[in-house]
Amino acid sequence: MSEASGPHPGGERPEIAAPQDLVRLLQDFTLEANHYVDAAGGRNDMHRTDLNALAVIMRHSAAGRVVTPGVLRSELRLSSPATTALVDRLHASGHLTRDRLGTDRRQVQLHMTPKAYRDGSAMFMPLALRMGKAMGAYSAEELDIVRRFMTDMIQATVAARTETAEKSPSPPSA
């Protein structure tokens, strides 16, 4: 038997085991990242959705895009009432401001406050420092490969989610 088709410990061929191991590692990373967000947010009386909303606002703001409650609703896949409760909660905690846009005045733009940046930095600096230290062990070339890999995994996940959503049955009408 050739090495490629012969028996292997555990009954798996190495070329098949590696992708499965990577998927498991991605799942483990996602789970641990969620645990970190829960722990960091919990110490600051913030829900995971609150922190995700601030991340959305920060990403869009950094790209020069306007962030509205509709953007949050869409990106976080929330209902309108849940989005309103989220925005009210972040506003009440001093983490965001609501400003009326242009001449229409009906549309609201959301901005993170300096308090949100301070709190976010305090919550996520320990993680950033440890991740930075871990990344320091890799060459620029290795990090480029990891960057490409992670980008591809994100795109694959988005495509799978879209495909799954398109196949999902519609909710029953009331």
Next item on the list: Using a 10 angstrom cutoff on alpha carbons, build the Gaussian network for the chain and name the most mobile of 163, 75, 141.
Entry: 163
Item checked: Rounded tilt (10° steps) of 48-62 against the dominant C-alpha axis of the chain -> 80 degrees
Check: What's log10 of I(q)/I(0) for the chain at q = 0.10, 0.12 Å⁻¹, Debye sum over Cα points only, no solvent?
Finding: -0.58, -0.79
Next item on the list: Could you list which residues have their amide H under 5 Å from that of residue 109, counting only those 5 or more apart in sequence or on another chain, with H placed in the peptide plane?
Entry: 99, 100, 101
Check: Mind checking which of 43, 147, 118 has the largest fluctuation in a GNM of the chain, springs on alpha carbons under 10 Å?
Finding: 147
Notebook entry, point to check: How much accessible surface does residue 38 have with a 1.4 Å probe, in Å² rounded to 10?
Noted result: 70 Å²
Notebook entry, point to check: By how many degrees, 0 to 90 and rounded to 10, does the Cα axis of helix 80-92 deviate from the longest principal axis of the chain?
Noted result: 70 degrees
Notebook entry, point to check: Averaged per residue, what accessible area in Å² does the chain show with a 1.4 Å probe, protein chains only?
Noted result: 71 Å²
Check: Taking +1 at the Cβ of each Lys and Arg and -1 at the Cβ of each Asp and Glu, which of 18, 40, 68 sits farthest along the dipole of the chain towards its positive end, judged by Cα position relative to the Cα centre?
Finding: 68
Item checked: For the stretch 22-35, 3J(HN,Hα) per residue [Karplus equation, 6.51 cos²θ - 1.76 cosθ + 1.60, θ = phi - 60°, Hz, x = Gly/Pro] -> 5, 4, 4, 5, 4, 5, 4, 4, 4, 4, 5, 4, 5, 4
Checklist line | Selected from 51, 127, 111, residue furthest toward positive end of dipole (the chain; charges at beta carbon) | finding: 111
Next item on the list: State to the nearest 20 debye the size of the charge dipole of the stretch 101-151 about its Cα centre, where the only charges are +1 on K and R beta carbons and -1 on D and E beta carbons.
Entry: 280 debye
Item checked: Unit charges on C-beta of K, R, D, E only; dipole of the stretch 40-174, Debye -> 380 debye
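The values are calculated or read from the model by the stated rules, or taken from the named source; none is laboratory data. Everything numeric in this text was worked out from a predicted model, so none of it was measured. Here Cβ is always computed from backbone atoms with ideal geometry, including for glycine, and neighbour counts include all displayed protein chains. For the accessible areas, the whole protein counts, side chains as well, though only heavy atoms, and no ligand, DNA or RNA atoms are used. Shrake-Rupley method; radii C 1.70, N 1.55, O 1.52, S 1.80 Å.
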